[in-house]
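Following: one structure in structure tokens, then a few remarks.
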Amino acid sequence: MSWNERPTVELNSGVTPEALANEFKLPLWIAGLLHSRMKNWLDTSLDAARRFMQPSLKNLPDPFALLDMDRAAERVVTAICENEPIAIYGDYDVDGTVGSAVLMRFFRMLGVDVTVYQPDRQREGYGVNANAVRMLAENGARLLITVDCGITAVTEVDIANSLGLDVIVCDHHEQKDVLPDAYAVLDHKRKDYSGPINVLCGAGVAFYLALAVRSMLRDIDYFSHEGAGKKEPDLRALLDLVAVATVADMVPLVEENRVLVTYGLEKLRKSPTLGLAELFREAGVKQEDISTYHIGFVIGPRINASGRLASASAALELLTTDDPMRARALASELGGMNKERMELQAHVADAAILQAAEQLEKYGADLAAFVLAGEDWHEGVIGIAASRVVERYHRPVVIITFATHTGNGKGSIRGLGKLDMLQALEGSAELLLGFGGHKVAAGLSLERKNLESFRERFAAQVREQLNVLLENGVDALARKVEIDAKLDLPTLLSTLDLNTVKIIDKLAPFGIGNPEPVLSAEGFRIEESRTMKEKHLKLQLEADGNFVSAFWANGVERFESSLEENEVELAFSPTINTFRNQNNVEFRVKDIRALSH
């Protein structure tokens, strides 16, 4: 694994680490961490840095900056005022489920009842389903709002239009050639949009719709005495839900998402929605300790488990119920589903990793991508299993499960780095029944007879992208640790205390687009190593008489005996570990390499 120290880049605005250190009262090397993040910003001014360091709801962009938002809000307001039946069509994953809960709770605040429909993963698959549209229209719905789906539902929206059902699309997926002929299409990935809103998840788009609707209701004095005493909703009450969807859906935690997640985390720690509080209790996470890690790796999978293994309705009910007993029962049910999901996932991942090893042996290390397949593997876990194989072999992975009774397969794709999975699928389109998704995560369906041809074509498509990147000096398959700052040992030992870690945490929330800072330092010795859960390592490090504890996730398979025989260099992120009410600095290890003398 290569270690790349992030180069110092001169910003166009002229802002320097020294200026940032002075402005925010930061140690210079921590100001350097902020400075390195700014090189990817469109606005690199000191004001932009202030907005980053001091996230405020006042800095959220105007929701009407989204194309069609005025039409969408006006149509919702008309439906509210004229008591038209409203239906919400939400995807079954965590983003669609939480986004549906956001809108359901918003309408409840307005005293408006809505119907929520979520497709069954096994029977209906992803996206807007034509039969469901017909059923909702037959049941009287006159306005349909999609959440986390709909941008590619051209045929289904046409069916809705023919039935007198207006559709508002709330999505964040990539547009294909033609937009659906919906009443309004809210998606910042529309090809004709270039405004300031560009990183939201599906639930975030739904939240912006709620903001716009409330604004328009204000404009017509809906909440005045003429509105029969209607109470204006405080939409900050929805931010914990928005934060969960934003983190779990792995969209960039920059711009408006940084604001939404910062305020959402604050609400999660102080007064979370009942269902979320019960989920954290069931998972054994203290409210005051909640971080993006707990959302992404503890809570998100529990919400997802509902739609992966059964119906997403259990998770939706949990997020919208105000009954404590029911919430506790549902949280327990989701916890049980998550355990089952983990078992199924481990089975599929182990089989897929074995197949990947066989393909590597057959085709050699130049194999650009894996296409792995099995019979009746549970469709709900193949995406997570694909991520496991990517982690293991650092290549794009497609995992396909074939249904014995039909012979057709459904697949999940996980990419990495700058590789575009949708582009690779477009180059294989004639072999597929359908596909869609994001550049780094997508889905597909195909006939069994086309498996081998698709395997060759997909790998060739990825290889073409790799070659282009290599011509530009980028090896997309190389494992890399990006080092934000290399510190000499005296500086590290003298400054890295609990207070310094808290200062670094001012750069949080960390996630996609704003990764946790990675530091490096050399001169440590490993005094002790202990295996945890058969794959992780707990380490005791020593340098100049100073001792530090460290944790290396999945470190067992990468640990070499030579590391205990030499001084080592660490790549790590500093964290605060609490044990028996005692707080101590702990290093979360990214990689270790021996120093040669």
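Looking across the range 283-295 at every residue that is in a helix (DSSP H, G or I) and without any contact (Cβ under 8 Å) to a residue 40 or more places away in the chain, the one that is surrounded by the fewest Cβ atoms within 10 Å (Cβ to Cβ) is identified as 288. Residue count for the range 78-119 under the criterion of being touching a strand residue (DSSP E or B) at 6+ places or on another chain (Cβ under 9 Å), of a type in the set (S, T, N, Q), free of Cβ contacts under 8 Å to residues at least 60 places away in the same chain and within 21 Å of residue 232 (Cα to Cα): the result is 1.
Scanning the range 28-77 for residues that are aromatic (Phe, Trp, Tyr) and under 22 Å from the mean Cα position of the chain (by Cα) yields a count of 2. Kindly evaluate residue 89 against the criterion of being modelled with pLDDT of 95 or more, within 21 Å of residue 153 (Cα to Cα), among the aromatic types (Phe, Trp, Tyr) and in contact with a helix residue (DSSP H, G or I) (Cβ under 6 Å, 6 or more places away or on another chain). Answer is no for this residue. Comparison of 352, 329 shows that the only residue that is surrounded by fewer than 19 Cβ atoms within 10 Å (Cβ to Cβ) and aliphatic (A, V, I, L, M) is 329. Quick check, is residue 499 in the same structural domain as residue 410 (by TED's automatic domain parsing), surrounded by fewer than 16 Cβ atoms within 10 Å (Cβ to Cβ) and more than 30 Å from residue 127 (Cα to Cα)? So residue 499 fails the test. Is it the case that the range 487-502 has a residue that's under 30 Å from residue 252 (Cα atoms), in a loop (DSSP other than H, G, I, E, B) and aliphatic (A, V, I, L, M)? Yes: the range 487-502 contains one or more residues that are under 30 Å from residue 252 (Cα atoms), in a loop (DSSP other than H, G, I, E, B) and aliphatic (A, V, I, L, M). Basic (Lys, Arg) and either without any contact (Cβ under 8 Å) to a residue 24 or more places away in the chain or buried (at least 21 other Cβ atoms within 10 Å of the Cβ) (or both): is that true of residue 392 in this structure? Against the criterion (basic (Lys, Arg) and either without any contact (Cβ under 8 Å) to a residue 24 or more places away in the chain or buried (at least 21 other Cβ atoms within 10 Å of the Cβ) (or both)), residue 392 does not qualify. Against the conditions (1) surrounded by fewer than 21 Cβ atoms within 10 Å (Cβ to Cβ); (2) within 27 Å of residue 318 (Cα to Cα), residue 164 satisfies every one except (2).
Hey, could you check the range 215-236 for residues that are of a type in the set (D, E, K, R) and part of a loop (DSSP other than H, G, I, E, B) and say which is nearest to residue 273 (Cα to Cα)? Ranking the qualifying residues of the range 215-236, first place goes to 234.
Among the residues in the range 424-434, are any of a type outside the set (D, E, K, R), crowded, with 20+ Cβ neighbours inside 10 Å and touching a residue at least 60 places away in the same chain (Cβ under 8 Å)? Checked against the condition, which is being of a type outside the set (D, E, K, R), crowded, with 20+ Cβ neighbours inside 10 Å and touching a residue at least 60 places away in the same chain (Cβ under 8 Å), the range 424-434 yields no hits at all. Taking the range 11-111 as the region of interest, the helices (runs of 4 or more DSSP H) fully inside it that hold 2 or more residues being farther than 30 Å from residue 219 by Cβ are 17-24, 28-38, 46-53, 94-109. Kindly indicate whether any position in the range 455-466 is among the polar types (S, T, N, Q) and outside the structural domain of residue 7 (by TED's automatic domain parsing). Yes, the conditions are met somewhere in the range 455-466. Kindly indicate the residue of the range 560-587 that is of a type in the set (A, V, I, L, M), without any contact (Cβ under 8 Å) to a residue 60 or more places away in the chain and part of a strand (DSSP E or B) and also surrounded by the fewest Cβ atoms within 10 Å (Cβ to Cβ) among those meeting that condition. Step by step, filter the range 560-587, then rank; the result is 568. For residue 205, the conditions (1) at pLDDT below 95; (2) touching a Cys at 6+ places or on another chain (Cβ under 6 Å) all hold with the exception of (1).
Scanning the range 1-29 for residues that are in contact (Cβ under 8 Å) with a residue 40 or more places away in the chain and either surrounded by fewer than 16 Cβ atoms within 10 Å (Cβ to Cβ) or closer than 17 Å to residue 51 by Cα (or both) yields a count of 7. Taking every residue in the range 540-559 that is assigned by TED's automatic domain parsing to the domain that holds residue 526 and pairing it with any residue that is of a type in the set (Val, Ile, Thr) and surrounded by fewer than 19 Cβ atoms within 10 Å (Cβ to Cβ), at least 6 positions away or on another chain, the pairs with Cβ-Cβ distances below 8 Å are 548/585; 556/531.
Residue by residue, here is whether (1) without any contact (Cβ under 8 Å) to a residue 60 or more places away in the chain; (2) under 13 Å from residue 172 (Cα atoms) holds:
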residue: 218; (1), (2): yes, no
residue: 235; (1), (2): no, no
residue: 247; (1), (2): no, no
residue: 251; (1), (2): no, yes
residue: 263; (1), (2): no, no
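Screening residue 494 with (1) touching a residue at least 24 places away in the same chain (Cβ under 8 Å); (2) in the same structural domain as residue 28 (by TED's automatic domain parsing) gives one miss only, at (1).
Note on the range 546-557: residues that are under 19 Å from residue 521 (Cβ atoms) and either more than 29 Å from the chain's Cα centre (by Cα) or not in a loop (DSSP other than H, G, I, E, B) (or both) amount to 7.
Each row is one residue, and each column tells you yes or no for (1) farther than 17 Å from residue 86 by Cα; (2) of a type outside the set (D, E, K, R).
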residue: 138; (1), (2): no, no
residue: 144; (1), (2): no, yes
residue: 164; (1), (2): no, yes
residue: 177; (1), (2): yes, no
residue: 206; (1), (2): no, yes
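Restricted to the range 296-406, the set of helices (runs of 4 or more DSSP H) holding at least 2 residues that are over 25 Å from residue 436 (Cα atoms) comprises 313-320, 324-363. Among the residues of the range 242-253, not a single one is outside the structural domain of residue 42 (by TED's automatic domain parsing), out of contact with any Cys (no Cβ under 8 Å at 6 or more places or on another chain), in a helix (DSSP H, G or I) and farther than 18 Å from residue 316 by Cα. Of the residues making up the range 519-526, none is more than 12 Å from residue 574 (Cβ to Cβ), in a helix (DSSP H, G or I) and acidic (Asp, Glu). The conditions of being crowded, with 20+ Cβ neighbours inside 10 Å, touching a residue at least 60 places away in the same chain (Cβ under 8 Å) and either in contact with a strand residue (DSSP E or B) (Cβ under 8 Å, 6 or more places away or on another chain) or over 24 Å from residue 144 (Cβ atoms) (or both) are met by residue 184. Selection within the range 525-584: residues that are modelled with pLDDT of 85 or more and hydroxyl-bearing (Ser, Thr, Tyr). The member of this set that is nearest to residue 502 (Cα to Cα) is 575.
The values are calculated or read from the model by the stated rules, or taken from the named source; none is laboratory data. Quick caveat, the model's predicted, so the values are computed rather than measured. With ideal geometry, Cβ positions are generated from the backbone for all residues, glycine too; neighbour counts draw on all protein chains shown.
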